[in-house]
Amino acid sequence: MVKAKYIKDHVSGYGKQISRATNQKFGISNQLIVKAAMGDEKSLTQIADMGKLGERLVLAMPTIKEHLKTYIQGNTQYNQALAEIYKEGSKGALAIDKAASDVTLENTKFNNLLEEYKEKLFVSLEAEDIRHQDQMDVIKLQAWVDAQMKTIDAQVQQESISNKPFIAQLKANEDYENKKIQHILEHGSQQDLSLIPRKKYVTNPLKQMWDEVRDFFS
């Protein structure tokens with residue numbers, strides 16, 4: 001096995017500050033790199049986890065950022081709308097109270113008020129018809145959305161099941177590669193990779209069958 005003392009660092013001395021900053025900000029140091037290169041499992045695992053986390057952040061953060069910006073903007077508009085609605089509500093409430101007072105005080109205007117009532121009743125009935133139609137549309141839309149979501153949930157579940165052998169094969173490949181590295185490091189020139197069992201969930205005939213299953217449920 002190659003010893004760590006044979007690894008020569010010719011550049012870190014020229015960049016001590018940036019090397020220190022890289023370690024402080026990202027947890028990456030020469031020691032970590034050397035340990036990983038020497039086959040230290042903890043260091044290898046740490047670097048692998050850092051890489052996977054980095055991939056997830058690169059993939060997810062743009063969408064997360066946009067969703068949160070939209071969420072903030074939506075909440076802002078919602079609260080602004082509430083403020084305007086309540087302001088109008090206060091005006092309406094005052095107008096209604098004044099109208100009620102006018103009815104009690106202006107008994108002589110009964111006939112005119114009766115006509116106004118009839119007009120208001122007509123408007124209210126028309127508004128009720130509109131409200132009812134809107135509510136019916138909401139109910140239909142909700143039913144359609146629920147049906148679509150159930151269909152999508154079923155498709156995702158089927159796809160998850162059909163993908164199991166491929167995911168298992170990826171894990172088996174990773175396990176094999178790790179065991180191969182350990183075997184070579186342990187036995188050197190006396191290595192015999194045929195002694196390492198290898199799981200094959202997806203061979204060419206099986207792959208064709210799994211692809212057909214996935215196509216069927218897609």
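The values are calculated or read from the model by the stated rules, or taken from the named source; none is laboratory data. Remember, it's a predicted structure, so these values are computed and weren't measured experimentally. Because the Cβ atoms are built from the backbone with ideal geometry, glycine has one as well, and the counts that use them run over all protein chains shown. The accessibility values were calculated without ligands, DNA or RNA, using every heavy atom of the protein model including side chains. Shrake-Rupley method; radii C 1.70, N 1.55, O 1.52, S 1.80 Å.
Looking at the range 197-217, can you tell me whether even one residue there is of a type outside the set (Gly, Ala, Ser), at pLDDT below 95, under 30 Å from residue 44 (Cβ atoms) and open to solvent by less than 80 Å² (accessible area, probe 1.4 Å)?
Yes; the residues of the range 197-217 include at least one that is of a type outside the set (Gly, Ala, Ser), at pLDDT below 95, under 30 Å from residue 44 (Cβ atoms) and open to solvent by less than 80 Å² (accessible area, probe 1.4 Å).
Please verify whether the range 43-54 includes one or more residues that are more than 27 Å from residue 183 (Cα to Cα) and part of a helix (DSSP H, G or I).
yes
Could you please tell me which pairs satisfy a Cβ distance under 7 Å, a separation of 6+ or placement on different chains, a first residue in the range 178-189 that is under 18 Å from residue 42 (Cα atoms) and assigned to a helix (DSSP H, G or I), and a second residue that is open to solvent by 90 Å² or more (accessible area, probe 1.4 Å) and aliphatic (A, V, I, L, M)?
Short answer, once both residue conditions are applied: 185/1.
Condition check: at pLDDT below 95, open to solvent by less than 100 Å² (accessible area, probe 1.4 Å) and of a type outside the set (A, V, I, L, M, F, W, C). Does residue 157 satisfy that?
Values: at pLDDT below 95: yes; open to solvent by less than 100 Å² (accessible area, probe 1.4 Å): no; of a type outside the set (A, V, I, L, M, F, W, C): yes.
When the stated conditions are applied, residue 157 does not pass them.
If you scan the range 182-196, which residues turn out to be open to solvent by less than 100 Å² (accessible area, probe 1.4 Å) and either closer than 15 Å to residue 172 by Cα or not charged (D, E, K, R) (or both)?
Keep residues of the range 182-196 that are open to solvent by less than 100 Å² (accessible area, probe 1.4 Å), which gives 182-185, 187-188, 191-194, 196.
Within the range 182-196, 182, 183, 184, 185, 187, 188, 191, 193, 194, 196 meet the criteria.
Can you pull out every residue in the range 20-42 that is closer than 19 Å to residue 177 by Cα and aliphatic (A, V, I, L, M)? Working first, answer last.
Kept after step one, since they are closer than 19 Å to residue 177 by Cα, are these residues of the range 20-42: 35-42.
Matches in the range 20-42: 36, 37, 38.
Residue under question is residue 63, and the condition is that it be among the β-branched types (Val, Ile, Thr), modelled with pLDDT of 85 or more and in a helix (DSSP H, G or I); does it hold?
Yes, satisfied.
Residue by residue through the range 35-60, note down the ones that are open to solvent by 70 Å² or more (accessible area, probe 1.4 Å) and among the charged types (D, E, K, R).
Scanning the range 35-60 gives 35, 41, 42, 49, 52, 55, 56.
If residue 75 satisfies every condition in (1) surrounded by 10 or more Cβ atoms within 10 Å (Cβ to Cβ); (2) more than 34 Å from the chain's Cα centre (by Cα) but one, which is the exception?
Of the numbered conditions (1) surrounded by 10 or more Cβ atoms within 10 Å (Cβ to Cβ); (2) more than 34 Å from the chain's Cα centre (by Cα), the odd one out for residue 75 is (2).
So residue 113 clears everything in (1) open to solvent by 90 Å² or more (accessible area, probe 1.4 Å); (2) touching a helix residue (DSSP H, G or I) at 6+ places or on another chain (Cβ under 8 Å) except one condition, right? Which one?
For residue 113, the failing item is (1).
If residue 149 passes every condition in (1) more than 30 Å from residue 43 (Cα to Cα); (2) touching a residue at least 40 places away in the same chain (Cβ under 8 Å); (3) open to solvent by 90 Å² or more (accessible area, probe 1.4 Å) but one, which one does it miss?
Every listed condition holds for residue 149 apart from (2).
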